[in-house]
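The values are calculated or read from the model by the stated rules, or taken from the named source; none is laboratory data. Note that this is a predicted model, so its numbers are computed, not measured. Please note: Cβ atoms are built from the backbone with ideal geometry, for glycine as well, and neighbour counts cover all protein chains shown. Side chains are part of the model used for accessible areas, which takes the heavy atoms of the whole protein and leaves out ligands, DNA and RNA. Shrake-Rupley method; radii C 1.70, N 1.55, O 1.52, S 1.80 Å.
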Amino acid sequence: MSDEQTRLQEFFTARAADWDSRFPDDGPAYAAAVAELGLRAGDRVLDAGCGTGRALPPLRAAVGASGVVLGADLTPAMLREAARAGRDRDGQLLLTDVAALPLRSRSLDAVFGAGLISHLESPAENLRELARVVRPGGVLALFHPIGRAALAARHGRSITSDDLRAEPNLRPLLACSGWRLTSYVDEDARFLALAVRED
């Protein structure tokens, strides 16, 4: 593992046990974001950097019993909390880095990434890996239950011009990684960027 992967694991391991209790009211925001993916029964979807698996129940509801839901995370403690909460019943949990997914090319219809982009070690390369596993025309949702300004304030910071989630930065980043940005919302109550996998 790289130093950055080790740092990320240590950060989330220390917070895994009380993660859900720190953000108890995020469920409706997750469900609303998942609804915007436009999933259908039988679709195959990945929650990339799934953490404690808060998106897995609405993803399962969207794709139904005939669909496939995967939750991938680098931190074993987060996946243990997902299983403890029973979310492993909604999707298969994978201990893996989104930089090297153990999935066939073009095998998924969509990827959901909550709070993901700010934790990517090599954003363009990592987004290309997500594009690799999604069929052309498939969808990527980059989500956070609060917007950029609210998140920065929570951490005692200000938004900077180099924030990857700023639309002028995100649009070309996605474009060079095989995605086309189709929708962008950055409000106090949520951040949601939707992109389509290019051919």
Index of the failed condition, VAL185 passing every other in (1) modelled with pLDDT of 95 or more; (2) in contact with a His (Cβ under 6 Å, 6 or more places away or on another chain): (2)
Filter pass, ARG128 being open to solvent by 40 Å² or more (accessible area, probe 1.4 Å) and over 19 Å from CYS50 (Cβ atoms): yes
Selection count where residues are in contact (Cβ under 8 Å) with a residue 60 or more places away in the chain and either part of a loop (DSSP other than H, G, I, E, B) or of a type in the set (A, V, I, L, M, F, W, C) (or both), scope segment 159-193: 2
Filter result (within 21 Å of ASP18 (Cα to Cα), open to solvent by 10 Å² or more (accessible area, probe 1.4 Å) and hydrophobic (A, V, I, L, M, F, W, C)) within segment 51-76: LEU74
Single match in ARG106, ARG54, ARG84 (criterion: on the phi > 0 side of the Ramachandran plot and at pLDDT 95 or above): ARG106
Unmet criterion (only one of (1) in contact with a strand residue (DSSP E or B) (Cβ under 9 Å, 6 or more places away or on another chain); (2) farther than 25 Å from ILE146 by Cα; (3) modelled with pLDDT under 95) for THR6: (1)
Within segment 15-45, considering residues that are closer than 19 Å to GLY138 by Cα and part of a loop (DSSP other than H, G, I, E, B), the one most open to solvent (accessible area, probe 1.4 Å): ARG40
Candidate set from segment 133-158 (those that are in a helix (DSSP H, G or I) and of a type in the set (D, E, K, R)); member that is most open to solvent (accessible area, probe 1.4 Å): ARG154
